[in-house]
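Colleague: Can you read through this structure? Questions will come right after.
The numbers here are math on the coordinates, done by the rules we state, and not lab data. It should be emphasised that the depicted structure is a prediction, and the values quoted were computed from it without experimental measurement.
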Amino acid sequence: MAKEGQIALPSLKDALARAKGAPVERWDPPFCGDLDMRIAADGTWFYLKTPIGRPELVKLFAAVLKREGDKYFLVTPVEKCGITVDDAPFLAVELTVEGGGENRVLRFRTNVDDWVDCGSEHPLRFEREAATGGLKPYLHVRRGLWAKVKRALLFDLVELGEERDVAGRAMFGVTSKGAFFPMAPAEEMRNSA
């Protein structure tokens, strides 16, 4: 309760509840400049080069994160501020597998506690690491925002993998919600085993 003459500010929990599901993709406010805010490759959010230690605050910022081209912004209906993202704005930190075969659903939890069901609306993509040539998996979370899948979960995906013909080429990949997501040519995966 605010004292007389003070403004009552909403709690972080209330602000997060309002921000979740906000139509961020439809907001196009004026650009206000860049913030000294960065999301590191390990998913840590920094403000003024200091890690943000309150998970609720990180979740609030994540709820109003928007991507335009290769740039990332925190947006409200009235302002848009640029931030730096080293790799992907989120990390997929947990995987559950429900069902089997074509009915299998891969469910990922992100570092901001969003659950995402992998499928055609939320695909997996696999890139090559420049330094090692290894695979780096990513999961589409929402509105052009991706989560890098933790390395331990990559091993789980490989365990669930299978070979399929894709445009006349044998590919190794994983299936979720009836969609097949190729990781690499099957021959390459057989040779690395």
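Colleague: Mean separation of Cα pairs under 8 Å and 6+ residues apart, divided by the residue count of the range 147-187: what relative contact order is that in percent?
Modeller: Value for the range 147-187: 28 percent.
Colleague: Additional query: Could you please tell me the mean projected area of the C-alpha convex hull for the chain, averaged over all directions and given in square nanometres to one decimal?
Modeller: 14.1 nm²
Colleague: Multiplying the sequence separation of A152 and R128 by 0.36 nm and subtracting their Cα-Cα distance, what value in nm do you get?
Modeller: Extra length from A152 to R128 when fully extended: 7.0 nm.
Colleague: If a/c stays under 1.5 just call it rounded; otherwise compare a/b with b/c (prolate if a/b is bigger, oblate if not). Do that for the range 90-192, with a ≥ b ≥ c from the square roots of the Cα gyration tensor eigenvalues.
Modeller: Note, shape of the range 90-192 comes out oblate.
Colleague: Please build a GNM for the chain, connecting alpha carbons under 10 Å apart, and tell me which residue among V166, V116, V105 fluctuates the most.
Modeller: V166
Colleague: So for the range 12-85, Kirkwood radius off the Cα pairs, Stokes-Einstein at 4 °C and 1.567 mPa s: how many µm² s⁻¹?
Modeller: 102 µm²/s
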